[in-house]
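Visitor: Here it is: the structure, laid out below.
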Amino acid sequence: QVQFAESGGGLVEPGGSLRLSCAASGLTFATFNTYYLNWYRQGPGKERELVASISKPDIYTKYIDSVKGRFTISSDNVQKMVYLQMNSLKSEDTGVYYCNAGRAVGVVDYSWGQGTQVTVSS
């Protein structure tokens, strides 16, 4: 059974930084190394949106415009971990952050984890 466990969220002031981690258990190394690994978020009263994607075979990364230059997605293919470094945080980055994997960008092939809450507020 594939499970994602997100951690690293918290309360931070505007302009601050957080590093989110996601442990992907149950995924084979082949899947982890070939699928797109994605971070999503769901803000208060908003739909869940794709924030960042990475695919190591393509050395491919993609970000939504609002986080470009501030967020960096990375992965550890040995530990099967996915990270999201978030800098210069803004109040609009507030939400629950989830990770997942899929065969293509924006495709979700597995059940959602609990997510990790990020709150940006002074």
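The values are calculated or read from the model by the stated rules, or taken from the named source; none is laboratory data. Nothing here was measured: the structure is a model prediction, and the numbers come from that model. Because the Cβ atoms are built from the backbone with ideal geometry, glycine has one as well, and the counts that use them run over all protein chains shown. These area figures cover heavy atoms from the full protein model, side chains too; ligands, DNA and RNA do not enter into them. Shrake-Rupley method; radii C 1.70, N 1.55, O 1.52, S 1.80 Å.
Visitor: Filter region 34-88 down to residues that are more than 27 Å from Leu11 (Cβ to Cβ) and touching a strand residue (DSSP E or B) at 6+ places or on another chain (Cβ under 6 Å) and give me whichever is most open to solvent (accessible area, probe 1.4 Å).
Guide: Checking each candidate, the answer is Lys62.
Visitor: For region 67-88, which positions are basic (Lys, Arg) and either in contact with a Lys or Arg (Cβ under 7 Å, 6 or more places away or on another chain) or modelled with pLDDT under 95 (or both)?
Guide: Within region 67-88, just Lys80 meets the criteria.
Visitor: Separate question: If you scan region 65-122, which residues turn out to be outside any strand (DSSP E or B) and of a type in the set (A, V, I, L, M)? Quick ask: steps written out before the conclusion?
Guide: Our first condition is that a residue be outside any strand (DSSP E or B); within region 65-122, this holds for 65-70, 77-80, 87-94, 103-115, 121-122.
Val67, Val78, Leu89, Ala104, Val105, Val107, Val108, listed by residue number.
Visitor: Consider region 107-122. How many of its residues are surrounded by fewer than 14 Cβ atoms within 10 Å (Cβ to Cβ) and of a type in the set (Ser, Thr, Tyr)?
Guide: 3
Visitor: Could you tell me whether Gly15 is part of a loop (DSSP other than H, G, I, E, B) and modelled with pLDDT of 95 or more?
Guide: The answer is yes for Gly15.
Visitor: With the condition kept exactly as written, say whether any residue in region 60-73 is out of contact with any helix residue (DSSP H, G or I) (no Cβ under 7 Å at 6 or more places or on another chain), under 24 Å from Gly16 (Cβ atoms) and in contact (Cβ under 8 Å) with a residue 60 or more places away in the chain.
Guide: Among the residues of region 60-73, not one is out of contact with any helix residue (DSSP H, G or I) (no Cβ under 7 Å at 6 or more places or on another chain), under 24 Å from Gly16 (Cβ atoms) and in contact (Cβ under 8 Å) with a residue 60 or more places away in the chain, which makes the answer no.
Visitor: For region 89-106, how many residues are loosely packed, with under 14 Cβ neighbours inside 10 Å and at pLDDT below 95?
Guide: Matching residues across region 89-106 total 4.
Visitor: Check Pro44, Pro57 and return the single one that is assigned to a helix (DSSP H, G or I), on the phi < 0 side of the Ramachandran plot and either of a type in the set (Ser, Thr, Tyr) or free of Cβ contacts under 8 Å to residues at least 60 places away in the same chain (or both).
Guide: None of the other options fit; the residue is Pro57.
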